[in-house]
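Quick notes on the structure that follows.
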Amino acid sequence: MVASQQVHAYVTPGRCPCCGRDRAAAVRRGIREELAQLGLADRVLVEVHAEDLGHCGVLLVLHPCAALYRYRNRREVREILQEHFGRGRIAWRLYLGCAQ
């Protein structure tokens, strides 16, 4: 079954030490683990893209609404996923805007 909502884990390509394509697999794995713990794994398809979105660091773009989030650790990933998919709300503390 293909999920109707998608989580895109965007990794900004190597413009600073915190970025890099090599983190993409770890990011995807961490997001999938958090989704499984939240009981959302069957609702969300996780894809990884290495594309510069004008922000430094690992970013989440949650579709279909293209909400752009920055996070620094697993606790923040969990907060974003709980708010966005679990409660249907923007996680304002980590929200960067719309990625369109």
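The values are calculated or read from the model by the stated rules, or taken from the named source; none is laboratory data. Remember, predicted model here, so these are calculated numbers, not experimental data. Cβ placement follows ideal geometry from the backbone for every residue including glycine, while neighbour counts extend to all protein chains displayed.
Annotations
- Looking across segment 67-90 at every residue that is of a type in the set (A, V, I, L, M) and more than 15 Å from VAL44 (Cβ to Cβ), the one that is surrounded by the fewest Cβ atoms within 10 Å (Cβ to Cβ) is identified as ILE90.
- Scanning segment 86-100 for residues that are over 11 Å from LEU60 (Cβ atoms), touching a residue at least 12 places away in the same chain (Cβ under 8 Å) and out of contact with any helix residue (DSSP H, G or I) (no Cβ under 8 Å at 6 or more places or on another chain) gives GLY86, GLY97, CYS98, GLN100.
- Taking the numbered list (1) more than 12 Å from the chain's Cα centre (by Cα); (2) modelled with pLDDT under 70 in turn, ARG93 passes all entries but (2).
- Of the residues VAL44, VAL11, VAL27, VAL7, the single one that is modelled with pLDDT of 75 or more and crowded, with 19+ Cβ neighbours inside 10 Å is VAL44.
- Beta carbons closer than 8 Å, at least 6 apart along the sequence or on distinct chains, pair a first residue in segment 31-50 that is on the phi < 0 side of the Ramachandran plot and in a helix (DSSP H, G or I) with a second that is buried (at least 19 other Cβ atoms within 10 Å of the Cβ) and modelled with pLDDT of 85 or more for ILE31/VAL77; ILE31/LEU81; GLU34/VAL77; GLU34/ARG78; GLU34/LEU81; LEU35/LEU81; GLN37/ARG78.
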